[in-house]
1. Between Leu99, Leu136, Leu116, which is at pLDDT 95 or above, touching a helix residue (DSSP H, G or I) at 6+ places or on another chain (Cβ under 7 Å) and over 30 Å from Trp224 (Cα atoms)?
2. Which residue pairs have Cβ atoms under 8 Å apart, sit 6 or more places apart or on different chains, and have a first residue in the stretch 147-158 that is farther than 17 Å from Val39 by Cβ and among the polar types (S, T, N, Q) and a second that is modelled with pLDDT of 95 or more and part of a loop (DSSP other than H, G, I, E, B)?
3. Condition first: in a loop (DSSP other than H, G, I, E, B) and open to solvent by 30 Å² or more (accessible area, probe 1.4 Å). Now tell me which residues in the stretch 100-120 satisfy that.
4. Take the conditions small (Gly, Ala, Ser) and buried (at least 22 other Cβ atoms within 10 Å of the Cβ) and apply them to Gly134. Does it pass?
5. Go through the stretch 137-153 and give me each residue that's buried (at least 22 other Cβ atoms within 10 Å of the Cβ) and in contact with a Lys or Arg (Cβ under 9 Å, 6 or more places away or on another chain).
6. Thr189 passes all but one of (1) over 26 Å from Thr41 (Cα atoms); (2) buried (at least 18 other Cβ atoms within 10 Å of the Cβ); (3) in contact with a helix residue (DSSP H, G or I) (Cβ under 6 Å, 6 or more places away or on another chain); which number fails?
Amino acid sequence: MTRGTRDEAGVTAGVREGGGPAVTTAGLPDWLDPVVEAVRTVEPRQLSRFLPPEDGRGRQSAVLILFGEGARGPELLLMERAGTLRSHAGQPSFPGGALDPEDGDPQTTGPLRAALREAEEETGLDPSGVQLFGVLPRLYIPVSEFVVTPVLGWWHTPSPVGAVDPAETARVFTVPVADLTDPGHRVTTVHPRGHLGPGFTVESALVWGFTAGVIDRILHFSGWERPWDRSRQVPLDWHA
């Protein structure tokens, strides 16, 4: 339960009873206003055609979509998963993972705690430097059967980050939003089964799949997307 009020962005602000994480838009930098509005208004089907099964199947999980401000302006925190993992090996992604019992209720504060906990475990991020400001509708990853809650944060006090456990994380890096919106870094990925999806060639990595899809939708609904050549294709291999 949250003690607080509804602010102008329609997000509950306040302090969670028991000292848990809260979601508030107070004090955010102005450049995040379009993202806040997109979070407030976007519908699940506008984000993905893959939504959680109605029968409740799927493992509850959360990811942290963390915006910071670097030398080149706004940026996102990403990591590259270790190549030995069973799920999404070697793939760039947001920090995140499955909810643990101690995270609490998956329908309320559980995803908030999980997103921050997983980010700390995977990247060494100090959660006290993060302000959570929004939560997107739950999405579904069919190949791994994860039901994912995307949690958005503002990195108001950056802390050192890096791969904490090489068995889980190959590297941690930030990507300027300017590179993500640059048409020269945008591609359409082609899976061997014929599936097409958005992709980004940034920081010596190809960002694709779930992560690229969420970034693509955030850029679009925030009004940051620039026209790009969707016919520029990059094939994925069978390990994808």
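1. Details: Leu136 fails: over 30 Å from Trp224 (Cα atoms); Leu116 fails: over 30 Å from Trp224 (Cα atoms).
Among Leu99, Leu136, Leu116, only Leu99 is at pLDDT 95 or above, touching a helix residue (DSSP H, G or I) at 6+ places or on another chain (Cβ under 7 Å) and over 30 Å from Trp224 (Cα atoms).
2. Note: pairs meeting the criteria are Thr157/Asp126.
3. Step one: filter the stretch 100-120 for residues in a loop (DSSP other than H, G, I, E, B), giving 100, 104-109.
The answer is Asp100, Gly104, Asp105, Pro106, Gln107, Thr108.
4. Details: small (Gly, Ala, Ser): yes; buried (at least 22 other Cβ atoms within 10 Å of the Cβ): yes.
When the stated conditions are applied, Gly134 passes them.
5. Phe146, Val147, Val148, Thr149, Pro150
6. (3)
The values are calculated or read from the model by the stated rules, or taken from the named source; none is laboratory data. Please read all numbers here as calculations on a predicted model, not as lab measurements. So basically every Cβ, Gly included, is an ideal-geometry build from the backbone, and we count neighbours across all protein chains shown. Just the protein is used for accessible areas: all its heavy atoms, side chains included, with ligands, DNA and RNA removed. Shrake-Rupley method; radii C 1.70, N 1.55, O 1.52, S 1.80 Å.
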